[in-house]
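J.: Could you have a look at this structure, given as structure tokens, before my questions?
None of the figures in this text is laboratory data; all of them are computed from the coordinates on show. Being a predicted model, the structure only gives us computed values, none of them experimental. When we count neighbours, we look across all protein chains shown, and the Cβ atoms used for this are built from the backbone with ideal geometry, even at glycine.
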Amino acid sequence: MNKHHPLCFLLLAAILLPASCTTPRRDGTGRIVEDGTGRKVELPARIERIVGLRPGALRLLAYMETTDLVAGIEQVETTGADRPYMVAHPELLERPFIGPRGGDNERILHVRPDLIFLTYASAGEADALAEKTGIPVVALQYPEIGTDPQQLYASLQIIGQVLHKEDRADSLVAYIQQTIRDLDNRTRHIPADRKPSAYIGGIAHGRARNLTSTHPDYPPFVFTHAHNVAAGIDRSRISSLAGAYVDIEQLLLWDPDVIFVDQAGLLLAQQDLKLAGNLAAVKNRRIYTLPTYNSYAVNYETALINSWYVGRILYPAAFADIVPEEKADEILEQFLGKRLPPRSLTPGSFQPLQLPE
């Protein structure tokens with residue numbers, strides 16, 4: 001055959017084109033869903049293999065009891081084997097890696113998912129990923145539960161609609177709503193003069209942070225109507241992934257009655273507290289530790305767990321019937337569908353922090 005024959009050029013082009021260009025699109029069913037960005041997504045006829053990309057995506061799939069469909073995980077998930085959803089599903093660590101945070105297109109294609117769930121993405125980014133991989137992409141919102149729980153409910157319901165898990169979505173949403181109502185009913189009528197001022201420090205964002213890492217809308221404070229001294233921080237300068245920070249000098253001015261420390265930043269926070277011995281919370285030994293709130297995005301179950309402990313500390317009479325550890329077991333089972341091994345939360349949580357003399 002002549003080396004310049006047109007067929008040769010066609011064959012050569014087929015070999016050189018990237019896999020993402022030659023991957024055929026899945027046959028659709030005609031079933032259309034609207035995702036978290038408002039995109040209309042046609043679903044494949046069969047959904048037997050899925051992946052979740054970017055912070056929180058795999059967590060939502062675990063909440064929805066769909067981990068059996070997960071074909072691969074981001075490598076970053078291996079750094080959080082103590083996250084509740086990873087404790088509940090250690091088998092996920094045996095799945096193939098689909099790249100670092102956000103995945104890698106070639107590795108995603110290698111595990112042959114029928115559908116991709118994507119968080120922290122615009123409609124344009126979701127469209128671009130679908131175009132490059134030839135795989136339908138459903139974008140999900142991953143909001144702050146304290147200020148926008150409706151978007152969380154919507155994300156759970158979208159997954160339920162896509163994977164025929166509507167009952168699971170409805171039951172989990174109902175449980176979250178009932179829990180928030182219970183917390184609200186216990187605390188909304190407590191007079192302001194009976195509310196000690198409170199501060200949360202040490203919240204992780206990408207890595208451990210010190211005492212100055214805080215949250216003006218920390219869900220346990222929102223749900224318990226706590227007097228959060230950091231509530232006045234300018235929210236326009238805060239990224240949901242980068243967090244909010246204050247100076248030690250500002251914390252000394254606020255001088256909160258009670259300080260809570262996220263376990264993720266405990267070691268760094270202890271160093272700060274040694275330098276801030278004049279704080280009322282330090283003098284009165286009113287410093288308490290909480291399970292990690294933010295680890296590859298917000299742990300929603302931990303946000304609720306921490307709410308009960310915060311309520312128990314700030315308003316003992318209103319939460320006299322609550323044992324935080326028992327509440328934690330209940331919430332973890334509701335979110336993850338199974339009882340977890342003992343000490344599934346960070347050891348030392350729900351304990352007063354003892355500072356060296």
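J.: Pull up all non-local amide H partners of Leu53: gap of 5 or more, or a different chain, and H-to-H distance under 5 Å with H placed in the peptide plane.
T.: Phe117, Leu118, Thr119
J.: Put a dot 7 Å past each Cα toward the Cβ at His110 and Ile322; how far apart are the dots in nm?
T.: 4.6 nm
J.: Here is a follow-up. Measuring from label point to label point, each 7 Å out along Cα→Cβ, what is the Gln161 to Ala123 span in nm?
T.: 1.5 nm
J.: Quickly estimate the mean residue ellipticity at 222 nm for the chain, helices only: each DSSP H run with n ≥ 4 gives -39500 (n - 2.57), and the total goes over all residues, rounded to 500. Kindly include the intermediate steps, with their values, before the conclusion.
T.: Working: 14 runs with 134 residues, N = 357.
For the chain, the value works out to -11000 deg cm²/dmol.
J.: What is the sum of charges, Lys and Arg at +1 and Asp and Glu at -1, for the other residues whose Cβ falls under 14 Å from the Cβ of Thr37?
T.: Local charge sum for Thr37: -1.
J.: Computed from the coordinates I sent, Kirkwood radius over Cα pairs in Å equals one of [x] 22.7; [y] 22.0; [z] 20.8. Tell me the label.
T.: [y]
J.: Would you mind ranking Ile73, Ile287, Ile180 so that the residue whose beta carbon has the fewest other beta carbons within 10 Å leads the list? Provide the component values of the computation, followed by the final result.
T.: Details: Ile73 25, Ile287 22, Ile180 18.
Final ranking by Cβ density, sparse to dense: Ile180, Ile287, Ile73.
J.: Using Cβ counts within 10 Å as a stand-in for footprinting exposure, how do Phe97, Phe335 rank, fewest first?
T.: Arranged by neighbour count, lowest to highest, Phe97, Phe335 become Phe97, Phe335.
J.: Another question, if that's okay. State to the nearest 20 debye the size of the charge dipole of the chain about its Cα centre, where the only charges are +1 on K and R beta carbons and -1 on D and E beta carbons.
T.: Details: 36 positive and 42 negative charges, 85 e Å.
Here the chain has a charge dipole of around 400 debye.
J.: Contact order normalised by length for the chain, with contacts defined as Cα pairs under 8 Å and 6 or more residues apart; what percent is it?
T.: Relative contact order of the chain: 15 percent.
J.: Right, here's the next one. Order 33-41, 128-136 from most to least packed using the mean count of other Cβ atoms within 10 Å.
T.: Top to bottom by mean Cβ count within 10 Å: 128-136, 33-41.
J.: Moving on to the next point. Which of the listed residues, Thr292, Pro96, Val258, is farthest toward the dipole's positive end in the chain, when Lys, Arg count +1 and Asp, Glu count -1 at the beta-carbon?
T.: Pro96
J.: Once label points are set 7 Å from the Cα along Cα→Cβ at both Gln250 and Ala280, what is their separation, rounded to one decimal in nm?
T.: 2.0 nm
J.: What pairs in Lys165/Lys338; Lys195/Lys283; Lys283/Lys327; Lys195/Lys338 have C-alpha atoms more than 24 Å from each other?
T.: Values: Lys165/Lys338 17 Å; Lys195/Lys283 19 Å; Lys283/Lys327 30 Å; Lys195/Lys338 36 Å.
In this structure, Lys283/Lys327; Lys195/Lys338 lie more than 24 Å apart at Cα.
J.: So how much slack lies between Arg207 and Lys195, counting 0.36 nm per residue of separation and subtracting their Cα-Cα distance, in nm? Mind dumping the intermediate values first?
T.: Values: separation 12, 0.36 × 12 = 4.32 nm, distance 3.18 nm.
Separation in residues times 0.36 nm, less the Cα-Cα distance, equals 1.1 nm.
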